1. Among the strands (runs of 3 or more DSSP E) contained in the stretch 71-158, which hold 3 or more residues that are charged (D, E, K, R) and in contact (Cβ under 8 Å) with a residue 24 or more places away in the chain?
2. If you take the residues of the stretch 3-24 that are touching a Ser or Thr at 6+ places or on another chain (Cβ under 8 Å) and open to solvent by 40 Å² or more (accessible area, probe 1.4 Å), which of them is nearest to residue 88 (Cα to Cα)?
3. Which count do you get for residues in the stretch 109-140 that are loosely packed, with under 12 Cβ neighbours inside 10 Å and closer than 21 Å to residue 44 by Cα?
4. Name the residue that is modelled with the lowest pLDDT, counting only residues in the stretch 33-67 that are closer than 18 Å to residue 21 by Cα and open to solvent by 60 Å² or more (accessible area, probe 1.4 Å).
Amino acid sequence: MADSSAVTVVIGGNDLTRFGLVGRVRIDDVLNDAPNTAALSIVLAPRRGTPQTGPFAPHAFDAGGFNTQNNPGPLIFPPAVNVGAPIGIYVEGTGDQIFGGEITTREQYAEFDQPQHVRLDLTCIDFTRRLNRRKVVKEYGQASATTIVLDLIATFAPTAGAATLLFAFEA
């Protein structure tokens, strides 16, 4: 089981490690033409935000007499996690991405017999899956590899983003 502080999980642009614990992270890096896969389990729960206060004029407010213990912050719920959402797994501390792709399956369970504590078991596939959606029939002649890759991304995968797909080529 992985230490929850060892990785950061970002799904759909949202850092989900703020809402729970990550465990059982497995990344399979297969050689040759097979896409990489990942499987992980994450337990999510709502968390308390910072106490909410209104703006006060400095002369109208006694900061020493304000009690924040009886003013809990709002309850913030984790964002939705859906099949097809982009996912990134990063090494905590360094920020190095060790996996990038999309969620292919999602199983949900109540953890600790509490419905607000949700365990998600996710399986994912890397972005090379997107590269196989269309067959490219185009001639480039004497163009450089960089020019060809950038043209392929712009023509056939404009929504994926160049940085994401170039990561797939480097792996």
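The values are calculated or read from the model by the stated rules, or taken from the named source; none is laboratory data. Quick caveat: nothing in here was measured; it's all calculated off a predicted structure. Cβ: placed from backbone, ideal geometry, glycine included. Neighbour counts: every protein chain shown. Side chains are part of the model used for accessible areas, which takes the heavy atoms of the whole protein and leaves out ligands, DNA and RNA. Shrake-Rupley method; radii C 1.70, N 1.55, O 1.52, S 1.80 Å.
1. Filter on the stretch 71-158 gives 118-126.
2. Among residues in the stretch 3-24 that are touching a Ser or Thr at 6+ places or on another chain (Cβ under 8 Å) and open to solvent by 40 Å² or more (accessible area, probe 1.4 Å), the one nearest to residue 88 (Cα to Cα) is 15.
3. Here the count works out to 6.
4. Residues of the stretch 33-67 closer than 18 Å to residue 21 by Cα: 38-49.
Checking which are open to solvent by 60 Å² or more (accessible area, probe 1.4 Å) leaves us with 47-48.
Values: 47: 83, 48: 79.
Among those residues, the one meeting the criterion is 48.
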